[in-house]
1. If residue 71 satisfies every condition in (1) more than 10 Å from the chain's Cα centre (by Cα); (2) at pLDDT 95 or above but one, which is the exception?
2. Given the criterion closer than 24 Å to residue 7 by Cβ and acidic (Asp, Glu), identify the matching residue among 57, 77.
3. Name the single residue that is nearest to residue 76 (Cα to Cα) among those in region 21-61 being among the aliphatic types (A, V, I, L, M) and within 11 Å of the chain's Cα centre (by Cα).
4. Within region 20-45, restricting attention to residues that are charged (D, E, K, R) and modelled with pLDDT of 95 or more, which residue is nearest to residue 81 (Cα to Cα)?
5. Need at least 3 residues that are among the β-branched types (Val, Ile, Thr) and surrounded by 14 or more Cβ atoms within 10 Å (Cβ to Cβ) per element, so show me which helices (runs of 4 or more DSSP H) inside the chain make the cut, counting only ones lying wholly within it.
6. Contact list please: Cβ distance under 7 Å, first residue in region 52-80 and of a type in the set (Lys, Arg), second residue loosely packed, with under 15 Cβ neighbours inside 10 Å and at pLDDT 95 or above, pairs at least six apart or on different chains.
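The values are calculated or read from the model by the stated rules, or taken from the named source; none is laboratory data. The structure displayed is predicted, hence computed values, not measured ones. Glycine also receives a Cβ, built like all others from the backbone with ideal geometry; neighbour counts cover every protein chain displayed.
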Amino acid sequence: MNNKIDTLFNETIHELSNKSKLNSEDPTYEYILKQLEFVYDCLKSEKDIFNELQGRELDFPAVASKNLGGSEDELLEKIGDISIYLSNI
């Protein structure tokens, strides 16, 4: 994993963590956060994400696009960039 992707994951996870704490009544942030943390941990450990999922699916891009918007366009863009990266590995 290159430095740009590492930075992208760290920034996105940090932002989602903060939003989750500030909006504890909305489970959307925590839901997306947990999936991104899982993927990032797999990448750092050089584990095969799809084997680690054991048949489960990642749906954080769909959840993000459906539930985030307005002032969160930058966060949505970061999540989109992560999704594109994952589709290319």
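1. Tallying (1) more than 10 Å from the chain's Cα centre (by Cα); (2) at pLDDT 95 or above, residue 71 fails exactly one: (2).
2. Details: 57 fails: closer than 24 Å to residue 7 by Cβ.
The conditions single out 77.
3. Keep residues of region 21-61 that are among the aliphatic types (A, V, I, L, M), which gives 22, 32-33, 36, 39, 43, 49, 53, 58.
Applying the additional criterion that residues be within 11 Å of the chain's Cα centre (by Cα) yields 32-33, 36, 39, 58.
Working: 32: 11, 33: 13, 36: 13, 39: 17, 58: 16 Å.
The qualifying residue nearest to residue 76 (Cα to Cα) is 32.
4. 37
5. 3-22, 28-44
6. Note: pairs meeting the criteria are 78/11.
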